[in-house]
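The values are calculated or read from the model by the stated rules, or taken from the named source; none is laboratory data. Remember, predicted model here, so these are calculated numbers, not experimental data. Here Cβ is always computed from backbone atoms with ideal geometry, including for glycine, and neighbour counts include all displayed protein chains.
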Amino acid sequence: MSAFRFRLDPVLEHRERTERERAGEHARMVADQLAAERARDELVDRRDRLRQDLAERHNQLDADRLRATYTHLDYLDRAIRACDERVAACAAETARSQARLIEAARDRKVLETLKDRRREAFELEAALAQQRELDDLNARLFERAHPFEGHSP
């Protein structure tokens with residue numbers, strides 16, 4: 001009997017390639033989201049340090065310095081809100097890319113399961129065919145060794 005050949009192997013290879021591409025895309029989305037979160041966290045840290053410094057030295061600063069510091073704090077607050085929006089957008093895109101990756105993995109898994117079942121059926125059929133051949137060979141050998149046994153005149 002010939003070797004097992006799955007006719008849908010090209011489709012399976014395409015689905016594996018699609019899954020790899022989507023995994024790469026998802027990894028990029030996660031990296032973008034992490035970068036946006038780091039940028040936001042850095043701004044929050046800068047703002048918190050500046051607020052702490054302002055609280056500790058408030059009575060030592062002149063009016064111009066206070067005004068500039070409060071203006072800079074307002075700027076940092078706006079930048080943090082913009083970063084929050086960026087993080088939310090990145091998180092949404094990451095979720096979409098994860099859903100596409102899960103769909104691609106499911107599509108691949110369906111074909112792999114089909115391939116496994118067809119391979120099992122092929123191997124079972126091959127084993128049955130081999131058993132039939134062995135049974136036939138044994139029956140012929142038995143007939144040759146015992147030509148008249150079992151036959152009544």
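Screening D45 on (1) exposed (fewer than 12 other Cβ atoms within 10 Å of the Cβ); (2) modelled with pLDDT under 95 shows it passes everything except condition (2).
All of (1) more than 30 Å from A3 (Cα to Cα); (2) out of contact with any Lys or Arg (no Cβ under 7 Å at 6 or more places or on another chain); (3) surrounded by 12 or more Cβ atoms within 10 Å (Cβ to Cβ); (4) acidic (D, E) hold for D84 with one exception: (2). All of R108, R144 fail the test of being surrounded by 13 or more Cβ atoms within 10 Å (Cβ to Cβ) and not hydrophobic (A, V, I, L, M, F, W, C), apart from R108. The set of residues in segment 91-130 being of a type in the set (S, T, N, Q) and closer than 15 Å to A23 by Cβ consists of T94, S97, Q98. Flag: Q33 does not match the condition of being under 28 Å from V11 (Cα atoms) and either in contact with a Leu (Cβ under 9 Å, 6 or more places away or on another chain) or modelled with pLDDT of 95 or more (or both). When we screen E13, E56, E25, E37 for residues that are farther than 23 Å from A95 by Cβ, out of contact with any Gly (no Cβ under 9 Å at 6 or more places or on another chain), among the acidic types (D, E) and surrounded by 12 or more Cβ atoms within 10 Å (Cβ to Cβ), the only hit is E13. Can you tell me which residues in segment 1-30 are at pLDDT below 95 and among the basic types (K, R)? Correct list: R5, R7. Determine if segment 88-101 includes at least one residue that is under 30 Å from L8 (Cβ atoms), in a helix (DSSP H, G or I) and out of contact with any helix residue (DSSP H, G or I) (no Cβ under 7 Å at 6 or more places or on another chain). Within segment 88-101, one or more residues are under 30 Å from L8 (Cβ atoms), in a helix (DSSP H, G or I) and out of contact with any helix residue (DSSP H, G or I) (no Cβ under 7 Å at 6 or more places or on another chain).
Residue-level analysis places R47 outside the set of residues that are closer than 25 Å to L101 by Cα, among the basic types (K, R) and touching a residue at least 12 places away in the same chain (Cβ under 8 Å).
Would you check if R67 is free of Cβ contacts under 8 Å to residues at least 40 places away in the same chain, surrounded by 12 or more Cβ atoms within 10 Å (Cβ to Cβ) and part of a helix (DSSP H, G or I)? No, not satisfied.
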